[in-house]
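Below: one structure, written as structure tokens.
The values are calculated or read from the model by the stated rules, or taken from the named source; none is laboratory data. Just so it is clear, the structure is predicted and the values come from calculations on it, not from any experiment. Every residue, glycine as well, gets a Cβ built from its backbone with ideal geometry; the counts of neighbours run over all protein chains shown.
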Amino acid sequence: MSNERLRYHGPAGMARYHIPGPSENDKRFVPSVTTVTEPPREIKVVSETDVIVVGGGPGGFAAAVCAARMGARTVLLERYGHLGGMCTGGLVNIIPNLSDIGGKQYIGGICQEFIDRLDKQDAAFHPFKLDWGSTDESVLKYYKDCSFHHFFIRKNKEGKDALLYSAIIDPEIGKNEINRMVMEAGVKLYLHSWVTNVIMDGNQVKGIIFESKSGRQAVLGKVIIDCTGDGDLLTWTGAQYEDDIGADLRIKHLCFGYWIGGVEFRAFDKFVSSRPDDYIALKNELHDKGLYISFFRGMLKNQEHTAWLHPHFIAECQTDVEEMTRMDVAAREKAVQTWELLRDKAPGFEKSYIHLTCAQLGTTGGRRLVGEYSLREDDLRRTEPFEDTIAIFPNNDRGKESLEHPVVYVPYRTLIPRDIEGFMVACRAFSSDDEANSCFNLIPHCMCFGQAAGTAAAMAVQEGISVRNVPFGKLREQLLKQNVILP
């Protein structure tokens, strides 16, 4: 078999698969009625607060911590039993694009604080600062050998491979460290709590309703921040949103991450180098059986024998529970079949085992707020900062355009709905078109949104004003004090 065939497998770790359609069995469960009526009921209010943050992912924990540090009484609700969202429970433990291609850092603030805290526990990995932007092949070799070329290396203006500042974190230690940050800040936390509705007074959001093992309860607040990732609160508040996604964009996919432990990579590398035809045959067998074909090598301390897999599934709707269920079942079956084939046929995998599977699906795109400003594809070529810029994002993923426009500026207004009061969005559902969203809805970007939103929400409560009227000069001052990198 030729190397030509291997090209169809796509970039490492980004092979794309299709989610199965509804089965014949599903037809047995078609309902005979279309709706039922819930009886009215009184709901117990369990907390009254200044700021309510819904969703404890990268944007959510950042928003809650920053609001609480500013002195606002803050409640954080999360549907799982852990915080961190995709970067922990989703096993998407890659925090990329913290610098531009030349190695200049643009994302700092709470994102950098989180990495620093994990560094002290040997629970993070990233290039030495002196190597950011390096083109030295002896430096780059390690990243290429680990198959992390996509997250750490780009072509610079001279056409040379250059090293980015990106980070890898240990998701389990990360969960605990986020807990520490939240508790230290004085946030009131509700885990295992799924928000199911909002409390409205006209166009003003007054609180949320959530369900848990304790039943149906309510929290009242002055500012509510949607950090669900999928913009779950948009439908309940009546805020305008978009949900179109181009078929060829990254955010069209669901991801099912898992780790294989106990891999002897020396034996595997010897297999690849000494028996290239057998290696190609194995890759093609995996491909022909619809199984995973690429993996990253664990870069964390004491995880040198771990393979990380992040296969992507093309989704029609990432908030459709039936599609999510089919994908989860199919992906788990494929994971086991992939591991079995590698164990049986790939030297180095003989004593391997499935070490971790993601606690939550890797949702990459969905609803997007229609805000006071929407970041569009044209803005990715903008050369001047907005007056209300809250973050600068390295623009590393757009080929030659990235070299001409190395950074993108994001205005505060992308977090503010046009017609709903007391409400903000600080997650991948920020106001944007699908192209801009696909580039800048990753973990560090959401932390930036959360830091700005949490800080602004606390200021709005303290000054008794709407979040849309927070003076940007004062917000900028506070963000700079928090080590946010601004123009």
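Which one of 199, 225, 208 is free of Cβ contacts under 8 Å to residues at least 24 places away in the same chain, part of a strand (DSSP E or B) and not assigned by TED's automatic domain parsing to the domain that holds residue 297? Quick ask: steps written out before the conclusion?
Details: 225 fails: free of Cβ contacts under 8 Å to residues at least 24 places away in the same chain; 208 fails: free of Cβ contacts under 8 Å to residues at least 24 places away in the same chain.
Answer to the selection: 199.
Residues are listed down the side, and each one gets a yes or a no for (1) more than 28 Å from residue 364 (Cβ to Cβ); (2) modelled with pLDDT of 95 or more; (3) buried (at least 20 other Cβ atoms within 10 Å of the Cβ):
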site: 435; (1), (2), (3): no, yes, no
site: 448; (1), (2), (3): no, yes, yes
site: 459; (1), (2), (3): yes, yes, yes
site: 472; (1), (2), (3): yes, yes, no
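Having 1 or more residues that are of a type in the set (Val, Ile, Thr), over 26 Å from residue 80 (Cβ atoms) and at pLDDT 95 or above is the bar; report the strands (runs of 3 or more DSSP E) wholly within segment 103-175 that clear it. Working first, answer last.
Working: elements: 153-155, 161-163, 167-169.
Counting at least 1 such residues, we get 153-155.
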Worksheet item: Here are some residues: 454, 365, 348, 371. Which one is buried (at least 24 other Cβ atoms within 10 Å of the Cβ), of a type outside the set (A, V, I, L, M) and under 30 Å from residue 283 (Cα atoms)?
Response: 365
Item to complete: Scan segment 251-258 and give yes if some residue there is without any contact (Cβ under 8 Å) to a residue 60 or more places away in the chain, touching a strand residue (DSSP E or B) at 6+ places or on another chain (Cβ under 9 Å) and either within 21 Å of residue 68 (Cβ to Cβ) or small (Gly, Ala, Ser) (or both), otherwise no.
Response: no
Practice prompt. Kindly provide the set of residues from segment 415-445 that are in contact with a Phe, Trp or Tyr (Cβ under 9 Å, 6 or more places away or on another chain) and of a type in the set (Ser, Thr, Tyr), ordered by number.
Written response: 431, 432
Discussion item. So for segment 54-73 (the condition being over 30 Å from residue 140 (Cβ atoms) and charged (D, E, K, R)), does at least one residue qualify?
Written reply: yes
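Name the residue that is nearest to the chain's Cα centre (by Cα), counting only residues in segment 137-158 that are among the hydroxyl-bearing types (Ser, Thr, Tyr) and over 13 Å from residue 94 (Cβ atoms). Before you say what the answer is, go through the steps one by one.
So in segment 137-158, the residues among the hydroxyl-bearing types (Ser, Thr, Tyr) come out as 138, 142-143, 147.
The next check asks that each one be over 13 Å from residue 94 (Cβ atoms); those that pass are 138, 142.
On the way: 138: 31, 142: 25 Å.
Checked segment 137-158; the qualifying residue nearest to the chain's Cα centre (by Cα) is 142.
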Discussion item. For segment 62-91, give me the residue count where each residue is at negative phi and surrounded by fewer than 23 Cβ atoms within 10 Å (Cβ to Cβ).
Written reply: 7
Worksheet item: Of the numbered conditions (1) over 24 Å from residue 378 (Cβ atoms); (2) within 22 Å of the chain's Cα centre (by Cα); (3) not acidic (Asp, Glu), residue 460 satisfies every one except a single condition; which is it?
Response: (2)
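Residues that are basic (Lys, Arg) and over 24 Å from residue 427 (Cα atoms): does segment 215-234 have at least one? Walk me through how you get there before you give the answer.
Step one: filter segment 215-234 for residues basic (Lys, Arg), giving 216, 222.
Those left that are additionally over 24 Å from residue 427 (Cα atoms): 216.
Yes.
Starting from residues that are hydroxyl-bearing (Ser, Thr, Tyr) and out of contact with any Asp or Glu (no Cβ under 7 Å at 6 or more places or on another chain), keep the ones in segment 287-320 and report whichever is surrounded by the most Cβ atoms within 10 Å (Cβ to Cβ). Please lay out each step first, then the result.
Step one: of segment 287-320, the residues hydroxyl-bearing (Ser, Thr, Tyr) are 292, 294, 306, 319.
With the extra rule that they be out of contact with any Asp or Glu (no Cβ under 7 Å at 6 or more places or on another chain), the set shrinks to 292, 294, 306.
On the way: 292: 26, 294: 18, 306: 21.
Taking the candidates together, the pick is 292.
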Discussion item. Out of everything in segment 191-248 that is charged (D, E, K, R) and closer than 20 Å to residue 79 by Cβ, what residue ends up being nearest to the chain's Cα centre (by Cα)?
Written reply: 230
Discussion item. Checking the structure you have, find out if any residue of segment 75-98 is assigned by TED's automatic domain parsing to the domain that holds residue 208, out of contact with any strand residue (DSSP E or B) (no Cβ under 9 Å at 6 or more places or on another chain), modelled with pLDDT of 95 or more and not in a loop (DSSP other than H, G, I, E, B).
Written reply: yes
Worksheet entry | Meets criteria (farther than 26 Å from residue 361 by Cα, acidic (Asp, Glu) and more than 25 Å from the chain's Cα centre (by Cα)) for residue 288 | no
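Looking only at segment 461-478, decide whether some residue is closer than 15 Å to residue 55 by Cβ and touching a helix residue (DSSP H, G or I) at 6+ places or on another chain (Cβ under 8 Å).
Of all residues in segment 461-478, those closer than 15 Å to residue 55 by Cβ come to none.
No, that holds for no residue.
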